[in-house]
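Taking it in order: structure first as C-alpha cells, then the write-up.
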2 protein chains.
Amino acid sequence: MITLAYDGTNFAGFQSQPNQRTVQDVLEKAVNKMSTAKEFVHIFGSGRTDAGVHAFGQIVHFDLENDIPAQGIVNGLNSMLPLDMQVVDAKIVSKEFHARFTAHGKRYMYRVSRGRFVDPFKRFYTGHYKYPLNIELIKEAIPDVIGTHDYSSFVASGSQTKSHVRTIYDATVRENLENNEIIFEFYGNGFLYNQVRIMVAALLEIGNGKRPVHDFLRLYEVKDRNECRATAPASGLYLKKVYYDIENNK
Amino acid sequence: MITLAYDGTNFAGFQSQPNQRTVQDVLEKAVNKMSTAKEFVHIFGSGRTDAGVHAFGQIVHFDLENDIPAQGIVNGLNSMLPLDMQVVDAKIVSKEFHARFTAHGKRYMYRVSRGRFVDPFKRFYTGHYKYPLNIELIKEAIPDVIGTHDYSSFVASGSQTKSHVRTIYDATVRENLENNEIIFEFYGNGFLYNQVRIMVAALLEIGNGKRPVHDFLRLYEVKDRNECRATAPASGLYLKKVYYDIENNK
C-alpha cells in the first residue's frame, strides 16, 4: 500500500478515462515501469476523487512480484512520477489488505477562502465564498452533521449506491483569521458522491442566514436533493486520511 | 497607483512580449477596457518580475481620464482580470508619482521547501532544496548581506545597470518547522537582475557547508559572477512590497 499526495488541479479525477490525464493512469504507468511481471499491474485506490479534488493521504494498493523494500518503492516511484503527484509512504501489507474494501473510515478537509475577490494563490486550492458569514451559526449546526443519517438530500445524481445511510464520527469547523479561511473537516465511515461538497455548501448557506441553523435535521427527513442544490467547488476539497485496521494488516 | 498580486506561474514575466502572456499585457488589456480615452493607456510597474516569479504587492501606475473612485477601479479591474491576477488596492496619486522612479525600496520574500521530494502543492510556490542544511550557519551569514555593497558577484548576465552598488537595509531568515520551509526576506533600495535568487542560492550553499560562513565578504571583493554560479528557482520568489514616500504622494 502506498500513501499518495496529489494536486488535483491538472487531473481529470482519480479513475482511468480514455484520453484524459487521471491519477490512476499516471500512477499505473510508473508502477508498471517498476514491475518485472509480464502482466499489466493494476492499482486500486481507496475511492475515486473528482477532477480538481486534492489528496494528502489517498491510499492505493497493488501487487508487485519484485522484491523491493518499501523505501525503494517510494524512491523509485517518485523518480518517475510528475511533480503534481508524490508517494509519501509505502508499506508491505498482507494479501488480505484492499485499499477500498478494508478501509473503515475517511477524513476529508474543505478549505473555504473569504473576501470579495479570489486570492490568486488560492484559486485552485480553496472554494471561494464572498457572501457574509456568521461562523457562530455554522458552529451551532455542526453537531447536527455528526451521527448516523440518511444523506439522500446530500448526494449528487449519478451515485450508484443503494443505501444513503452513512455515519459521520466527527465534524469540525475552524476559522483561520490570518489566512481569511474557514476550514471544515469530516471524518466518517464513508461518503456518498459529492456528499462533502454538498454539505459544505449547505453549511455556508446556514452561515449566511439563507437556511435555518438546524436545517440538516429537516434535510435528513425529506431525503430530497432538490432541497439542497448547491455544491461547493472541487478545488477546496482534500482527501486527508483513509483509516484501516493496520495493526492486523488489513 | 494600484497594488497588484499575481501568481507568476502562468505568466512569461511582467514585461510585455509578443505572443506571450505577460502581466503587463493582461493588465493593460483590462485597463484599456475601462478607459474612456481614445489613446491606448500604458501601465508602468515598479520593476519587472521574471517568468514564474510571484507578487503580493507589485505597484503599477497609469493615467485614467475617467473620474472613477479608487474602489471602483479595484472592482472594475477585478471583474475583468483572470483569476491569477488581483488588484488588492488602488489609490489616486499626484502626477509626480511614478511606480518605478519614485520607489525608494523593495521587499522580496523567498520560500525554500525542504525534504527529499518536492511537495506537489509547493512545486510552483517554493524553490526546493533537498540537501542537508544547518540553518545556524545561514543565520550567522545573514548580517553580511546587510549594508551597502558592490553586488557584481550576484548579478545575472543581461543586466544593463552600470553600477552594481546597492543597499540592503534588512535581511532575515526563519524556519517554518510545521511547513518544512525556510523563508528569507530582503529589504533594500533596489535589486539587480536575479540578485535575490543568486544570494539565496549562495546562502543555501553556506547552510550546506559548501561555502565558508563569511563568503559574502569575499564575494563583495572579487566582483565575479563565476564565483557564484547558482540561481535559486523563480518559483520561490515573491515581490512583497514596494516603498514610496506616500505621505507626500510620491
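Quick notes
- Proxy reagent accessibility, fewest Cβ within 10 Å first, across B:M1, A:M199, A:M109: A:M109, B:M1, A:M199
- Within 10 Å of each Cβ in B:80-92, the average number of Cβ atoms from other chains: 2
- Note on B:D224 and B:D89: with the Förster distance fixed at 51 Å, the Cβ-Cβ geometry gives a FRET efficiency of about 0.80.
- Under a 5 Å amide H cut-off, with hydrogens placed 1.01 Å from N, A:R166 pairs with A:H149, A:Y151 among residues at least 5 apart or on other chains.
- Chain A, relative contact order in percent, only Cα pairs under 8 angstrom and at least six apart counted: 25 percent
- Close lysine pairs were tallied over segment B:74-167: pairs 8 or more places apart or on different chains with Cα atoms under 30 Å apart number 10.
- Hz values of 3J(HN,Hα) by residue in segment B:119-135 - Karplus curve (6.51, -1.76, 1.60), Gly and Pro given as x: 4, x, 7, 10, 4, 9, 10, 9, x, 9, 10, 9, 7, x, 9, 9, 5
- In this structure, B:S79 and B:T161 have a Cβ-Cβ separation that, at R0 = 35 Å, corresponds to a calculated FRET efficiency of about 0.35.
- Summing charges over neighbours of B:M109, with a neighbour being any other residue whose Cβ is under 10 Å away from its Cβ, gives +3 when K and R count +1 and D and E count -1.
- The stretch between B:Q20 and B:N32 holds 2.5 nm of extra length on full extension. This uses 0.36 nm per residue minus the Cα-Cα distance.
- Projected label distance in nm at B:R116 and B:D63, using a 7 Å step from Cα toward the beta-carbon: 6.0 nm
- Residue-count net charge about B:T22 - beta-carbon cut-off 13 Å; Lys, Arg +1, Asp, Glu -1: -1
- Inter-copy label distances at A:T148 (7 Å, Cα→Cβ; nm, one decimal): 7.7
- If you take the Cα centroid of segment A:94-170 and the Cα centroid of segment B:50-113, the two points sit 36 Å apart.
- For the residues of A:67-79, the average number of beta carbons from a partner chain within 10 Å of their own beta carbon is 1.
- Take A:H104, move 7 Å from Cα toward the beta carbon, and the resulting point lies 6.8 nm from the same point in each other copy, nearest first.
- Summing Lys and Arg as +1 and Asp and Glu as -1 over all other residues whose Cβ lies under 11 Å from the Cβ of B:G47 gives a net charge of +2.
- Rounded tilt (10° steps) of B:70-80 against the dominant C-alpha axis of chain B: 80 degrees
- The sum of -39500 (n - 2.57) across all DSSP H runs of n ≥ 4, divided by the residue count of chain B, sets its helix-only mean residue ellipticity at 222 nm to -6500 deg cm²/dmol.
- By the beta-carbon count within 10 Å of each Cβ, the least crowded to most crowded order of B:H54, A:H104, A:H98, B:H149, fewest first, is A:H104, A:H98, B:H149, B:H54.
- For B:N75, label point 7 Å along C-beta direction: distances to other copies, nm: 5.9
- Dimensions (Å) - the protein assembly as shown, Cα atoms, principal axes, largest first: 73, 61, 40
- If you wrap the Cα atoms of chain B in a convex hull and average its projected area over all directions, you get 14.6 nm².
- Computed from point charges on the beta carbon alone (+1 for Lys and Arg, -1 for Asp and Glu), the dipole magnitude for segment A:105-242 about its Cα centre is near 500 Debye.
- Listed by Cβ neighbour count within 10 Å, with the fewest neighbours leading, A:K122, A:K139 appear as A:K139, A:K122.
The numbers here are math on the coordinates, done by the rules we state, and not lab data. Because the structure is predicted, anything quoted here is derived from the model rather than measured. In this analysis, Cβ positions are derived from the backbone assuming ideal geometry, glycine residues included, and neighbour counts consider all displayed protein chains.
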